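Engineer: Take a look at this one; I'll ask things after.
Only the coordinates and a few stated rules stand behind these numbers; no lab work does. Here the structure is a predicted model, which is why all the values come from computation and not from measurement. Cβ sites come from the backbone with ideal geometry, for glycine too, and all protein chains shown count toward neighbours.
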Amino acid sequence: MLTALSCFALIQVQAQNLYMPRDIQKAFNKGTRQADGNPGKKYWQNHGVYNITITALPPDRNIKGTETITYENNSPDTLKRLNMKLILNIHKPGVPRFGDASPDYLTSGIQFDKFLVNGEPAKIDWAGASTNMAVSLKKPLAPHEQVKLDIDWHFQISLESGREGMIDPTTYYLAYFYPRVSVYDDYNGWDRLPFLDGQEFYNDFNDYTLTVNAPKNYIVWATGTLQNPAQVLQPEYVKRLEASMTSDSTIHVATATDLAKKDITAQKDQNSWIWKANDISDMAVGISDHYVWDAASAIVDDATHRRASMQAAFQDSAADFHHAVQAGRHALSWLSRNWPGVPYPFPKMTAFQGFADMEYPMMVNDSHTDDIQFSAFVQDHEIAHTYFPFYMGINESRYAFMDEGWATTFERLIGTDEVGAEKADQFFKDFRVDRWIHDPATSEDLPIITPSSELRAGYGNNAYGKPALSHFALKDMLGDELFKKALHGYMDRWHGKHPIPWDYFNSMSNLSGRNLDWFFNNWFFTNYYIDLDLQKISKAAGGYTANIKNTGGFAVPFDVKVTYTDGTTQTIHQTPAVWQNNQKQIVVNIKTTKTIKTVTLDGGIFMDANEKNNTLEVK
Ligand SMILES: [Zn+2]
């Protein structure tokens with residue numbers, strides 16, 4: 001009896017284990033990650049100290065850079081080579097990319113003028129490199145040793161601005177503008193996935209000192225804290241910027257009238273703007289001679305009363321951007337206190353007008369729209385990315401759902417506060433769910449866990465809508481309190497590190513005290529979609545029973561909406577827990593003494609692929 005029982009128990013446990021690719025298994029076996037969701041005792045990640053100087057003299061399109069990188073190998077492996085990321089090479093003619101490239105997008109990419117490894121010239125084939133470049137090390141880099149790189153490079157900023165580029169002849173947005181060492185990690189070694197202009201990024205947490213040389217009368221905005229405002233700005237503007245650090249109301253640091261006077265910056269030929277940020281995954285820079293500058297700040301931590309600066313740089317004619325600072329203050333404050341409910345982890349955020357609709361650490365680059373509410377929605381989404389991928393070091397190029405899924409979750413939650421639940425839910429359905437659930441294409445129903453690098457047409461829905469729905473389903477099942485406790489625990493364990501999906505799954509089970517493998521298997525490892533089929537309503541003792549088939553397969557929450565013959569109605573909510581034992585077919589009891597007229601299954605934001613079989617009339 002005992003033997004039979006334990007065999008049965010063992011089979012149950014094994015049956016519930018989530019599929020784990022063999023390279024991921026190796027990391028768990030090596031002890032860098034733990035089955036309870038914690039970083040393993042042998043967890044490590046590599047680190048770099050970047051000292052970068054970049055010179056941009058608009059309207060000259062040539063950008064010159066010089067940097068030293070001190071890269072530390074914290075891994076137990078001896079590295080015979082480094083892999084460099086040269087993201088800007090996406091502009092080179094002929095490199096592989098997902099989309100087309102217009103002539104205005106093409107440039108000759110990164111040109112190296114110097115590349116020294118520990119003071120000696122390195123053999124590099126930069127002319128042939130796309131977005132990855134290997135650098136052989138004469139002396140292999142042993143564990144716990146450092147290597148020093150001295151690099152000079154230049155490139156032309158592209159005329160067409162996507163995630164970076166020339167916004168107008170005297171406004172530049174610089175991102176991914178410096179050669180960096182790729183991530184070397186415990187489950188994949190060197191990250192050599194090419195950047196194809198579709199997926200996003202994967203970066204180590206580094207310490208940066210960035211100097212931006214720009215002509216006088218050009219203002220520079222960047223990731224990090226400006227070290228020398230008094231050297232680059234005239235005293236009046238230093239005063240206004242300083243005042244914004246304690247001001248709830250928007251301070252116009254530089255207006256169009258101020259800009260016209262051309263005395264905002266120090267009047268040297270070139271000013272050197274120095275920025276610092278530590279333990280950050282990237283730096284981005286905006287430069288303009290005609291963008292106006294707004295700033296204020298918001299308390300993001302009630303315990304310490306710490307404020308975060310919210311700034312905006314934009315064309316004076318962009319009505320939506322005149323709201324950017326106050327909308328941003330609301331986002332910083334709301335996200336800090338509600339969802340995820342973790343104090344905004346950085347000292348500032350800058351909204352820069354461009355064409356990217358994209359997040360960068362401490363910066364967003366968003367397009368101007370005529371719809372002020374939509375602009376705020378996009379800005380909320382990009383600011384929400386601060387937590388995922390920047391506070392949590394997500395591998396976006398492989399697991400895009402680990403950051404886009406959360407940004408999409410938070411965007412609906414903050415939207416509920418801003419425009420009300422009804423409007424936020426309708427928008428979420430239209431914008432995030434409808435285009436997936438009514439698209440029968442095979443690629444849309446690929447499992448969410450599919451590496452982002454292998455997705456093409458199915459990338460969007462598998463990165464945004466579907467994982468966001470999984471988070472809402474889990475929140476519904478666990479309840480807000482337990483869901484938040486587990487989410488906070490996961491964030492606490494992994495911020496500043498590189499979590500992978502299994503760390504999330506394992507942490508949520510471990511921290512909620514429930515084995516959620518069945519739920520994660522259902523949502524992340526299957527080709528399921530959403531389609532409930534209300535098959536039968538039967539009279540039963542104490543009321544009725546409803547037979548429901550889960551045709552689509554996802555473990556969704558839903559409402560059973562009952563209308564009685566006397567005209568009254570009743571809504572019975574079902575959490576995803578109803579699918580734990582049988583994910584294909586369930587029976588829901590409807591306790592009542594009244595006579596039912598109709599029953600409808602309503603999933604709300606969990607839109608049903610076929611609503612025709614969701615209602616039954618009882619005759
Ligand atoms: Zn996003």
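Engineer: Looking at the range 214-232, which of the residues that are assigned to a strand (DSSP E or B) and over 30 Å from the mean Cα position of the chain (by Cα) is surrounded by the most Cβ atoms within 10 Å (Cβ to Cβ)?
Structural biologist: Filtering the range 214-232 for residues that are assigned to a strand (DSSP E or B) and over 30 Å from the mean Cα position of the chain (by Cα), the one surrounded by the most Cβ atoms within 10 Å (Cβ to Cβ) comes out as 214.
Engineer: Of all residues in the range 447-475, which are in a loop (DSSP other than H, G, I, E, B), surrounded by fewer than 22 Cβ atoms within 10 Å (Cβ to Cβ) and within 16 Å of the ligand (Cβ to nearest atom)?
Structural biologist: 455
Engineer: Among the strands (runs of 3 or more DSSP E) lying completely within the range 523-619, list those that include at least 1 residues that are small (Gly, Ala, Ser).
Structural biologist: 532-540, 543-550
Engineer: Sort out which residues of the range 420-439 are over 23 Å from the mean Cα position of the chain (by Cα) and touching a residue at least 40 places away in the same chain (Cβ under 8 Å), and write them in order of number.
Structural biologist: If the condition is that a residue be over 23 Å from the mean Cα position of the chain (by Cα) and touching a residue at least 40 places away in the same chain (Cβ under 8 Å), then 438 is the only one that fits.
Engineer: For the range 586-603, does any single residue satisfy the condition of being closer than 28 Å to residue 464 by Cα and either basic (Lys, Arg) or in contact with a His (Cβ under 8 Å, 6 or more places away or on another chain) (or both)?
Structural biologist: Looking for residues that are closer than 28 Å to residue 464 by Cα and either basic (Lys, Arg) or in contact with a His (Cβ under 8 Å, 6 or more places away or on another chain) (or both), one finds none in the range 586-603, hence no.
Engineer: Further question: Go through the range 36-73 and count every residue that is of a type in the set (Ser, Thr, Tyr) and in contact with a Pro (Cβ under 8 Å, 6 or more places away or on another chain).
Structural biologist: 0
Engineer: On to the next question. Considering only the range 377-446, give the helices (runs of 4 or more DSSP H) lying wholly within it that have at least 2 residues that are under 30 Å from residue 279 (Cβ atoms), within 16 Å of the ligand (Cβ to nearest atom) and not acidic (Asp, Glu).
Structural biologist: 401-419
Engineer: Now for a separate question. Considering only the range 51-74, state which residues are over 21 Å from residue 282 (Cβ atoms) and surrounded by 18 or more Cβ atoms within 10 Å (Cβ to Cβ).
Structural biologist: Hit for the range 51-74 is 58, nothing else.
Engineer: Which pairs have Cβ atoms under 6 Å, sit 6 or more apart or on different chains, and link a residue in the range 450-478 that is without any contact (Cβ under 8 Å) to a residue 12 or more places away in the chain and basic (Lys, Arg) to one that is assigned to a helix (DSSP H, G or I) and surrounded by fewer than 23 Cβ atoms within 10 Å (Cβ to Cβ)?
Structural biologist: Within 6 Å, the pairs are 475/483.
Engineer: Could you tell me which of the residues 568, 615 is at negative phi, surrounded by fewer than 18 Cβ atoms within 10 Å (Cβ to Cβ) and free of Cβ contacts under 8 Å to residues at least 40 places away in the same chain?
Structural biologist: Only one candidate qualifies: 568.
Engineer: Could you tell me which residue of the range 305-317 is farthest from residue 367 (Cα to Cα), considering only residues that are in contact (Cβ under 8 Å) with a residue 24 or more places away in the chain and surrounded by fewer than 20 Cβ atoms within 10 Å (Cβ to Cβ)?
Structural biologist: Filtering the range 305-317 for residues that are in contact (Cβ under 8 Å) with a residue 24 or more places away in the chain and surrounded by fewer than 20 Cβ atoms within 10 Å (Cβ to Cβ), the one farthest from residue 367 (Cα to Cα) comes out as 306.
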